[in-house]
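Take a look at the structure below.
The values are calculated or read from the model by the stated rules, or taken from the named source; none is laboratory data. Note that this is a predicted model, so its numbers are computed, not measured. In this analysis, Cβ positions are derived from the backbone assuming ideal geometry, glycine residues included, and neighbour counts consider all displayed protein chains.
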Amino acid sequence: MPVAEITEKLLAAKKEKGITFEDLEKQVGRDEVWIASVIYRQASADMEEAKKIVSALGLPESMAEPLTVPPMKGGLEPQVPTDPLVYRFYEIMQVYGMPVKDVIHEKFGDGIMSAIDFSIEVDRVEDPKGDRVQITMCGKFLPYKKW
């Protein structure tokens with residue numbers, strides 16, 4: 001089953017059942033963002049996790065196996081994203097990417113933040129001026145090695 005097709009089916013079932021990613025987190029026992037990345041085929045689940053996802057969505061167990069296949073990651077086109085929400089992340093990196101890089105290097109040395117040994121949390125923070133989106137990224141620091 002092509003990636004786009006399985007993602008469409010999973011998202012359609014999620015919408016039809018009125019299930020949120022937070023609901024799936026409770027049923028699967030994994031973080032909601034990670035589950036969304038499995039559905040969007042940017043991460044792979046083990047068979048038990050995949051079966052829990054498709055079961056929660058009321059889909060046949062046969063749809064679980066494709067969710068266990070390691071996906072081709074980073075499916076964004078090599079152009080500036082046009083979706084306003086996704087574009088804001090691009091814009092944030094354009095404005096703050098180099099400053100964040102310098103601060104990381106000051107605190108840790110020459111290296112990168114892992115996107116493999118990594119977690120991301122999305123929270124809603126109530127504010128009288130309008131609720132805020134709080135995103136917390138936590139990745140292992142990986143120093144460049146010398147040889």
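Some notes on this structure:
- Residues of segment 1-32 that turn out to be among the β-branched types (Val, Ile, Thr), in contact (Cβ under 8 Å) with a residue 60 or more places away in the chain and surrounded by fewer than 16 Cβ atoms within 10 Å (Cβ to Cβ), as a count: 1
- Of all the listed residues (Gln79, Gln134), the sole one being surrounded by fewer than 12 Cβ atoms within 10 Å (Cβ to Cβ), at pLDDT below 90, out of contact with any helix residue (DSSP H, G or I) (no Cβ under 9 Å at 6 or more places or on another chain) and of a type in the set (S, T, N, Q) is Gln79.
- Segment 64-112, subset of a type in the set (Ser, Thr, Tyr) and assigned to a helix (DSSP H, G or I), residue farthest from Ala36 (Cα to Cα): Tyr96
- Hey, Val69 farther than 30 Å from Met47 by Cβ and hydrophobic (A, V, I, L, M, F, W, C) or not: no
- Among (1) among the aromatic types (Phe, Trp, Tyr); (2) assigned by TED's automatic domain parsing to the domain that holds Glu8; (3) loosely packed, with under 12 Cβ neighbours inside 10 Å - the single one Tyr40 does not satisfy: (3)
- Ser44 satisfies every condition listed in (1) touching a Pro at 6+ places or on another chain (Cβ under 9 Å); (2) on the phi > 0 side of the Ramachandran plot except (2).
- Count of segment 113-129 residues which are loosely packed, with under 11 Cβ neighbours inside 10 Å and closer than 25 Å to Ile35 by Cα: 5
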